[in-house]
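The values are calculated or read from the model by the stated rules, or taken from the named source; none is laboratory data. Keep in mind the model is a prediction, meaning the values are calculated, not measured. Here the Cβ is made from the backbone with ideal geometry for all residues, glycine too, and neighbour counts use every protein chain on show.
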Amino acid sequence: MVLQPKDVVDRLTTRFDGLAPKASWGETSLFYNPNLALANGVYFCTVKEHDGANDKASCLDRPGVFRLALGLTVHRYEQLFGPRPARPHKGSAVVTGHDFTQLDVVMPHPVYAWMGWVQVLNPSDETFASMQPLFIESFGHVVQKFEKALARHQRHS
């Protein structure tokens, strides 16, 4: 069974406490921001349903296609895919040899792989389940980043 964008958001917000969904421009961003302590919090993942001006490599404007994107730690990204690619020019995709339009395959994100982000288009139940260790590790990393950001915010308030 292929999941729908709402299913992905619901499953992640149910599983991980402190996630705050923010929807805009055909994308739902899940920020770790317990009690809305910071203006936005820290990005955990995104669910995107349409191409953007500088992000067309996945062809998200195809009917029913959406992307789940997740930020990994540098170590985990490089363990899975090797060295991170160079940052692409505006409107271009990274060069990794992947077909960024392929459905139900975890692969580097076409724009943000240089930052350690991955994508999967239209994840199936099985693929989503296989990603649980990635979600858990990434969530732990996001919590640490949030705590540092909150401490900085409180020092400067």
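Please list, ordered by first then second residue, the pairs with beta carbon atoms under 6 Å, 6 or more apart or interchain, first in segment 144-157 and at pLDDT 90 or above, second not in a loop (DSSP other than H, G, I, E, B).
From residues that are at pLDDT 90 or above, the pairs are 145/42; 146/32; 146/42.
Looking only at residues in segment 112-127 that are of a type in the set (A, V, I, L, M) and in a helix (DSSP H, G or I), which one is farthest from residue 82 (Cα to Cα)?
Selected residue: 115.
Out of the residues in segment 55-77 that are aliphatic (A, V, I, L, M) and in a loop (DSSP other than H, G, I, E, B), state the one that is farthest from residue 13 (Cα to Cα).
57
Condition check: outside any loop (DSSP other than H, G, I, E, B), closer than 22 Å to residue 142 by Cα, among the hydrophobic types (A, V, I, L, M, F, W, C) and touching a Pro at 6+ places or on another chain (Cβ under 7 Å). Does residue 80 satisfy that?
Working: outside any loop (DSSP other than H, G, I, E, B): yes; closer than 22 Å to residue 142 by Cα: yes; among the hydrophobic types (A, V, I, L, M, F, W, C): yes; touching a Pro at 6+ places or on another chain (Cβ under 7 Å): no.
Answer is no for this residue.
Under 7 Å between Cβ atoms, which residue pairs at least 6 apart in sequence (or on different chains) link something in segment 44-63 that is basic (Lys, Arg) with a partner that is surrounded by 13 or more Cβ atoms within 10 Å (Cβ to Cβ)?
As it stands, the answer is 48/26; 48/27; 48/60; 48/66; 48/67; 48/69, since those pairs meet every condition given.
Each row is one residue, and each column tells you yes or no for (1) hydroxyl-bearing (Ser, Thr, Tyr); (2) surrounded by 13 or more Cβ atoms within 10 Å (Cβ to Cβ); (3) not in a loop (DSSP other than H, G, I, E, B).
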residue: 105; (1), (2), (3): no, yes, no
residue: 129; (1), (2), (3): no, no, yes
residue: 136; (1), (2), (3): no, no, yes
residue: 140; (1), (2), (3): no, no, yes
residue: 145; (1), (2), (3): no, yes, yes
residue: 151; (1), (2), (3): no, no, yes
residue: 154; (1), (2), (3): no, no, yes
residue: 157; (1), (2), (3): yes, no, no
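Mind listing whichever residues of segment 1-49 are at pLDDT below 90 and of a type in the set (Phe, Trp, Tyr)?
Scanning segment 1-49 gives a single hit, 25.
Output the qualifying pairs, or none if there are none: Cβ atoms under 8 angstrom, residues six or more apart or on different chains, first residue in segment 26-41 and farther than 24 Å from residue 52 by Cα, second residue among the hydrophobic types (A, V, I, L, M, F, W, C) and not in a helix (DSSP H, G or I).
Partner pairs satisfying both residue conditions: 33/19; 33/20; 33/42; 36/20.
Of 80, 60, which residue is of a type outside the set (D, E, K, R), at pLDDT 95 or above, surrounded by 12 or more Cβ atoms within 10 Å (Cβ to Cβ) and touching an Asp or Glu at 6+ places or on another chain (Cβ under 7 Å)?
60 is the lone residue from the list that is of a type outside the set (D, E, K, R), at pLDDT 95 or above, surrounded by 12 or more Cβ atoms within 10 Å (Cβ to Cβ) and touching an Asp or Glu at 6+ places or on another chain (Cβ under 7 Å).
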